[in-house]
Amino acid sequence: MSDGEQAAERRRRWRLVLGGAADESLGAAEGRDGAMDSAMAALYDTPDGTADGRASKRSAGLGGSAPKVARWLGDIREYFPSTVVQVMQADAIERLDLTRLLLEPEMLAAVEPDVHLVGTLLSLNRVMPDAARETARQVVRTVVEELERRVAQPTRAAVTGALNRAARVSRPRHADIDWDRTIRANLRHYVPEHRTVIPERMVGFGRRGSAVRRDVVLCVDQSGSMASSVVFSGVFAAVLASMRSLRTSLVVFDMAVVDLTDQLADPVEVLFGTQLGGGTDINRAIAYSQQLITRPRDSIFVLISDLYEGGVREEMLRRVAEMTTAGVQVVALLALSDEGAPAYDHENAAALAELGVPAFACTPDAFPDLMAAAIERRDLRAFAGRRTDPGNA
């Protein structure tokens, strides 16, 4: 590319960045650039024709017309990559108050499905008309199936490996001997004249069969700020519930508590069983969850919440202390999402840390390894510092 062509490309890019305010100095955008510029202007220019306070020659905005918004959604999917489309959709819902239009099937059919959109749809679940409900379910199912493809195999592999390691015994029955590990553990006992290893210590697995080896209770805050975490939690709960060696329960809460365990065969039904929004009573949710824990030393309790407690704080902390004393492996996640460190109650996070329960944010990609660490009862404080987002208490 010549110097002149490089300069022209720089002008073109700056014109798209600056919008219509740069028409006089950089020239008007034309052709495909003009279409891209119009799509961005409809979202980011203000209704009086200004963008960030700068004068613009064109008016902007999507108005309240579902057909107009649907065409705009189609345009941005044509002109921008999927990751950019998802950001623009989220901005449109927030900046232009399009939540009402999301209740119309025409709009839902035009959107790019993603986790944030699912969270918005779930928050509208109670007011969604029947005409839009089936389309909304298809949008949610598309996202859920994609998330399952992303997390199912790593989760099953990590959990199965951890359960196998936790079940190893030093005096296994012949059928349960882990020969690979037994040989490696006894290499120093190799006898050259016999060309063999004479093991002094056998390594093996406990008898696995189909017995349930761990109980897992996921207790998920469904306040509005936890929308993405609710989506990921529902998918992970369904994956864990599909494993015979685990007994998985899913409890969601705001000021009330709902047990969704019987719906775990279908994560879409799980998500539509949530009610995003409302207050938060963590103490009540933990009290209910305690009733589900019958084998403390074989149980993992995962609290997913930003820890803003609307219930009785002292009782909440007392219940956590009771569980840890009884031998329950307690995990506190401030978020389970790709969004990084969330806003959270620092005082409650610090109080949990004093009880030996560090509170930290976790990405979905790190969650399988976190569950493996919990099954093996490793120090989760060290795990939090190594493997998760920097939201540590």
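A few comments on the model shown:
- Exactly one residue out of Ala285, Ala238 is at pLDDT 95 or above, within 23 Å of Asp114 (Cβ to Cβ) and buried (at least 22 other Cβ atoms within 10 Å of the Cβ): that is Ala238.
- Selection count where residues are assigned to a helix (DSSP H, G or I) and either over 27 Å from the mean Cα position of the chain (by Cα) or polar (S, T, N, Q) (or both), scope the stretch 309-320: 3
- The one condition in (1) within 23 Å of the chain's Cα centre (by Cα); (2) modelled with pLDDT of 95 or more; (3) farther than 16 Å from Val230 by Cα that Val328 fails to fulfil: (1)
- Taken over the stretch 106-145, residues that are under 21 Å from Pro368 (Cβ atoms), in contact (Cβ under 8 Å) with a residue 12 or more places away in the chain and not assigned by TED's automatic domain parsing to the domain that holds Trp72 amount to 2.
- Of the residues in the stretch 359-372, at least one is more than 20 Å from Ala321 (Cα to Cα), assigned to a helix (DSSP H, G or I) and among the charged types (D, E, K, R).
- Among the conditions (1) closer than 21 Å to Ser82 by Cβ; (2) assigned to a helix (DSSP H, G or I); (3) touching a helix residue (DSSP H, G or I) at 6+ places or on another chain (Cβ under 9 Å), the only one that Arg149 does not satisfy is (3).
- Residue count for the stretch 16-54, restricted to those that are surrounded by 12 or more Cβ atoms within 10 Å (Cβ to Cβ) and at pLDDT below 75: 13.
- Gly311 vs. criteria in the same structural domain as Ala227 (by TED's automatic domain parsing), in contact with a helix residue (DSSP H, G or I) (Cβ under 6 Å, 6 or more places away or on another chain), without any contact (Cβ under 8 Å) to a residue 60 or more places away in the chain and within 25 Å of Gly279 (Cβ to Cβ): yes
- Meets criteria (out of contact with any strand residue (DSSP E or B) (no Cβ under 8 Å at 6 or more places or on another chain) and either farther than 24 Å from Ala366 by Cα or of a type in the set (Asp, Glu) (or both)) for Gly273: no
- Test: residue in the stretch 216-234 that is more than 18 Å from the chain's Cα centre (by Cα) and modelled with pLDDT under 95: no
- If you go through the stretch 332-358 and keep only what is in contact (Cβ under 8 Å) with a residue 60 or more places away in the chain and among the polar types (S, T, N, Q), you end up with just Ser337.
- Among residues that are assigned by TED's automatic domain parsing to the domain that holds Glu315, among the polar types (S, T, N, Q) and in contact with a Gly (Cβ under 9 Å, 6 or more places away or on another chain), Thr261 is not included.
The values are calculated or read from the model by the stated rules, or taken from the named source; none is laboratory data. Model, not experiment: these values are computed from the prediction. For neighbour counting, all protein chains shown are included, and Cβ atoms are generated from backbone atoms with ideal geometry for every residue, glycine included.
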